[in-house]
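Peer 1: Would you mind keeping the following structure in view while I ask a few things?
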């Protein structure tokens, strides 16, 4: 059975032969030029040696003549001229005039010296190896073999001339010439094969280097564009490299370009330095959450994880530190939750609306039949709550869809105190908690741009949440309204419950998160979405009230247009207020639940 290949991609993005033809040709040309110049320098060196030898023989009267010295001088000038003035022929081309001038000149000079100094003890035959190697390595195979053949013929011709001069056949001389020629043929073949092998290896090496450079460039672009911070740190805690995201997380725009920083240089980086040091110590990847404090901007919560690179030689391994902004991570999780919430909401809305429509129709028919006032009130109550349930379903569907951050401006101004008084009265009757809740309204003329039903939902959710965590004692739940500055009203729901756990605080306003198994986890999330829809802000803090610690959820609502002049600003925060049901009205403006816009408390919860 044929093997099925599930992927047509190469094992790497760039194979060893992916470089372009022009680039590979340029690399081969440069390598050939270096080799050609090396051979030309070797020719100059041989010419110098030959000239020095002829001068020595001429001066010592041991067989050299003036014209042989002149021949050596001319050969030296020719080799120097070729080295300085000529460019190498293209590698692998057929023999040209350039090859004739170089290789042909070498063979001719050595042959003349060999012939006219045959009576001396000097043997010039080994010098024939230079033109043979030049042709075999720098030229095509035919040039190397042709040069070897020419040298062999010259050696045989010289042996024949010597034999005719002596009048007898010197078999040993012919055998020596043939053996030397055979050696030159072997040298030509082997040298050419080695040259081809070297050229292939150089091409592969150059191509691999080009692929590595391309891969490094791609990696650099990818790392530079990552939203995740990437730091490369050595065993001494020195930051070798950092991408823009990491530089922004550590120092923002103040990160010195091209500088290598010490990770332990700042106290706010000490957790990261300790994480890297521990990762090196145990030779394992680690992760943690930390907070980076910035002097001129808000602190940043980060998720940090390390990964060690393999050790390379004596340099040892490096630590790659990945930094993720937890706000972005939580935003992605929130987006995924919203997507699932949208799918769930559509299914739930369909399942709720069908029986709700039947209830509404049956109640309308029942209302037509009844005549007694008491029964009329009951049918009216059923109708109101059925409509309220229908609006709840619509709101959940709307929240699951993207919404603008503020209301569209068509919401009529709503008296905050009047609406709070009405909602709390209904809530106390439904939950039978008349003694548990203390209501303190100090924004009687304040108007807010908030839909009445949405404000009712906001209050009921916060009151229900407070009731679940309150002690149940008299005045264990307080609701307070008051002006906050000149442009906001502050609605506060306080309960004497215990402090929330850190794990709960981190996800307090996220959907589907709850510390109770029977809760849907949508209450506070819906509160936040409703507040953002109308430009309000909701937050949580621990607050002291009447010498008791408790949990406070507060909402800052912008005053409706034209209502800012009618609201009476509160006195500066930080004073003591008793909000017990029997408190003296003369002291109602003293409190320890302070205005976050005045006292420096964050307007939004950071936990």
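No lab work stands behind these numbers, since they all come straight from the coordinates. Note that this is a predicted model, so its numbers are computed, not measured. For neighbour counting, all protein chains shown are included, and Cβ atoms are generated from backbone atoms with ideal geometry for every residue, glycine included.
Peer 1: Working out 0.36 nm times the residue gap between residue 346 and residue 38, then minus their Cα-Cα distance, what length gain in nm do you get to one decimal?
Peer 2: 102.8 nm
Peer 1: Between residue 186 and residue 162, what is the label-to-label distance in nm when each label sits 7 Å out along the Cα-to-Cβ direction?
Peer 2: 2.1
Peer 1: What is the distance, in nm, between label points placed 7 Å from the Cα along the Cα-to-Cβ direction at residue 212 and at residue 377?
Peer 2: For the pair residue 212/residue 377, the computed spacing is 9.0 nm.
Peer 1: Here is a further query. Could you compute Rg(Cα) / (2.2 N^0.38 Å) for region 227-326, with N its residue count?
Peer 2: Working: Rg = 12.8 Å, N = 100, 2.2 N^0.38 = 12.7 Å.
Normalised Rg, Cα atoms only: 1.01.
Peer 1: Would you kindly state how much longer the chain becomes between residue 45 and residue 418 on full extension, computed as 0.36 nm times their sequence separation minus their alpha carbon distance, in nm to one decimal?
Peer 2: Between residue 45 and residue 418, full extension yields an extra 123.3 nm.
Peer 1: What distance in nm separates the simple spin-label points at residue 317 and residue 370, each placed 7 Å from Cα in the Cβ direction?
Peer 2: The answer from the label model is 7.6 nm.
Peer 1: Using 0.36 nm times the number of residues separating residue 240 and residue 544, minus their current alpha carbon distance, what extension gain do you get?
Peer 2: Contour length minus Cα-Cα distance gives 104.5 nm.
Peer 1: How are the alpha carbon pair distances in region 330-400 distributed across 5 Å bins from zero to the largest one, expressed in percent?
Peer 2: 4, 15, 19, 16, 13, 10, 8, 6, 4, 3, 1, 0
Peer 1: A further question follows. Quick one: order 151, 97 by neighbouring beta-carbon count within 10 Å, fewest to most.
Peer 2: Details: 151 25, 97 9.
Exposure proxy ranking, most exposed first: 97, 151.
Peer 1: Here is a further query. Just to verify a number: FRET efficiency for residue 532 and residue 205, C-beta to C-beta distance, R0 = 56 Å, to 0.05?
Peer 2: 0.40
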